[in-house]
Amino acid sequence: MFLNLLYAIALTLLSPVILYRIVRYGRYRRGVSEKLFGVSKRRASELLAGSDESIWLHAVSVGEVNLLPELARLLSARSPHTAVVISASTDTGYDLAVKHFGQERVFFCPLDFTWAVQCTLRNLKCRQLVLAELELWPNLVTAATRVNCAVTVINGRLSERSAGRYQKFAWLLRPTFASLTAVGCQDAETADRFVACGVDRDRARVTGSLKFDNAPRSRDTPGVNARINWAGVSPWHRVWCFGSTQAGEEAMALKIYQRLRVEHPELRLILVPRHPERFNQVAELVVASGDRVIRRSQNESQFNDEWEGEEVILVDTIGELRHWWGVAHIATVGGSFGDRGGQNMLEPAGYGCAVSFGPNTKNFSTIAEQLIAGHGAVRVADEEQLTAFVRRCLDDHPAADSLGHAAQQIVDQHRGAYHRTIELLGMQSIPQDSQQNAA
């Protein structure tokens with residue numbers, strides 16, 4: 001009851017901000033009924049598709065959703081008579097989940113009101129709740145444990161700062177951590193932090209990062225090849241992709257691009273903003289810089305001829321960045337020059353790109369340090385250092401290729417987290433031939 005009151009007060013206080021974003025950006029409009037009241041019996045019947053029980057996989061947004069297709073496939077292969085259903089918290093996460101799984105398996109996660117989470121668990125006949133990385137809501141965890149539904153965190157990550165914050169509210173959150181059935185952690189430090197927050201030591205296991213398993217292995221895929229053809233990439237081009245960008249990073253990229261393409265006319269630039277509401281703003285920024293913007297969403301067959309140097313590709317669509325990394329020779333992972341804390345750098349690493357990122361990678365600190373230590377990525381502090389990095393990749397192709405090869409080796413060395421996660425969920429790992437049959 002206390003938490004419901006607290007949430008209601010918070011929702012009321014935030015309502016002006018929410019209303020502004022609804023009007024300005026169109027956010028939060030969708031799935032209101034599911035968010036406030038939970039999944040109805042009718043909707044649950046569609047999600048269950050005749051099954052008597054379900055495994056509920058929850059991901060906050062795009063990054064977490066991308067981890068789920070392989071896990072869902074393995075779970076479905078192991079328990080073919082159990083529905084595997086997926087929820088997301090954001091519009092972008094929901095849309096990507098629908099692309100992966102179809103609308104009949106995806107729903108918006110209810111807010112952490114008691115009535116909403118109880119309704120959802122009951123109607124879905126949920127036997128297992130799987131939370132990607134860390135989306136820990138007290139009412140949801142409590143409601144699940146009361147109906148004997150196992151609650152597992154997979155690919156768990158918990159920074160020192162976040163752990164400290166949780167421990168400040170130990171009186172409220174420690175019982176939630178203690179109720180978790182199991183936690184699959186990305187590394188030993190994360191496991192220690194979960195234990196410090198209340199998870200039983202025997203329930204916190206190091207399974208590694210699913211992002212290593214989820215990283216691509218080859219550029220020779222339909223998704224990458226289709227985009228190479230769409231973009232008009234020529235063999236002599238050197239493509240630089242600045243992906244998952246935040247405000248300020250696109251302007252920096254454009255300045256560097258315009259400076260370097262004078263001495264390196266083979267250079268081409270792809271920009272991929274993190275948030276859809278900034279797509280138009282970034283398009284205007286490209287035009288204001290004097291270049292021509294080519295928007296992915298508006299130019300389905302733009303390139304019958306070669307990609308010209310003054311043309312900057314703006315990927316203003318959701319769920320495509322993974323493939324665009326495969327188009328690039330040089331990759332800069334955004335969200336790392338401001339306060340966001342970086343994004344997943346393993347996708348460009350898996351393709352063998354020459355990978356760079358900025359000074360702030362707190363959200364992926366372990367992975368960033370692993371890549372740097374193995375000479376598979378370079379951390380740059382500012383615009384000057386990023387300029388030097390891109391120039392070096394253009395001046396010395398063998399050095400750039402060596403950086404990318406080292407990145408691929410590091411990714412391959414750390415694969416295997418999916419099978420360890422399946423074991424954590426209480427299921428036997430599936431042999432390779434069974435995986436192929438299930439695909």
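Each value in this text was obtained by applying a stated rule to the coordinates, not by laboratory testing. Everything numeric in this text was worked out from a predicted model, so none of it was measured. Using ideal geometry, Cβ is built from the backbone for each residue, glycine included, and neighbour counts are taken over all protein chains shown.
The table below gives the values:
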quantity: Percent of C-alpha pairs per 5 Å bin, segment 357-417, short to long; calculated: 4, 18, 24, 25, 19, 8, 3, 1
quantity: Relative packing of peptides 169-176, 151-158 - highest average C-beta neighbours within 10 Å first; calculated: 151-158, 169-176
quantity: Residues whose placed amide H lies under 5 Å from that of Leu269, excluding near-sequence neighbours; calculated: Trp240, Ile313
quantity: Shape of segment 258-348, Cα gyration tensor, a/c cut at 1.5; calculated: rounded
quantity: Per-residue HN-Hα couplings for segment 143-159 [Karplus 6.51, -1.76, 1.60; θ = phi - 60°; Hz; x = Gly/Pro]; calculated: 4, 5, 5, 5, 10, 6, 9, 5, 10, 10, 9, 10, 6, x, 9, 8, 6
quantity: Nearest-ten-degree value, helix 114-124 long axis tilted from longest Cα axis of the chain; calculated: 90
quantity: For Phe107, distant residues with modelled amide H under 5 Å away; calculated: Ile86, Ser87, Ala88
quantity: Per-residue Cβ neighbour rank within 10 angstrom, fewest leading, Cys353, Cys185; calculated: Cys185, Cys353
quantity: On Cα atoms only, tilt of 188-197 relative to the major axis of the chain in degrees; calculated: 40
quantity: Restraint check, Lys35/Lys362; Lys125/Lys168; Lys125/Lys211; Lys255/Lys362, Cα-Cα greater than 32 Å; calculated: Lys125/Lys168
quantity: Stokes-Einstein D (µm²/s) once Rh is taken as the Kirkwood radius of the chain over alpha-carbon pairs, at 4 °C in 1.567 mPa s; calculated: 56
quantity: Sequence-distant residues sharing a close amide H with Cys185 (under 5 Å, placed H); calculated: Gly156, Arg205, Val206, Thr207, Gly208
quantity: Karplus-derived 3J(HN,Hα), 6.51/-1.76/1.60, for each residue of segment 315-322, Hz, glycine and proline x; calculated: 8, 9, 9, 9, x, 9, 3, 3
quantity: Order of Asp200, Asp291, Asp382 - criterion: other Cβ atoms within 10 Å of each residue's Cβ, fewest first; calculated: Asp382, Asp200, Asp291
quantity: Size of electric dipole in segment 222-413: Cβ of Lys, Arg +1 and of Asp, Glu -1, about Cα centre, debye, nearest 20; calculated: 300
quantity: Net charge dipole size for the chain [Lys, Arg +1 and Asp, Glu -1 on Cβ; Debye, nearest 20]; calculated: 1580
quantity: Under Karplus coefficients 6.51, -1.76 and 1.60, residue-wise ³J(HN,Hα) of segment 397-405 in Hz, glycine/proline x; calculated: 4, x, 5, 5, 5, 5, 4, x, 5
quantity: The chain, helix-only ellipticity at 222 nm - DSSP H runs n ≥ 4, -39,500 (n - 2.57), divided by all residues, nearest 500; calculated: -14500 deg cm²/dmol
quantity: Prolate/oblate/rounded label for segment 222-413 (Cα gyration tensor, a/c 1.5); calculated: rounded
quantity: Sorted by Cβ density within 10 Å, fewest first, the residues Ser51, Ser402; calculated: Ser402, Ser51
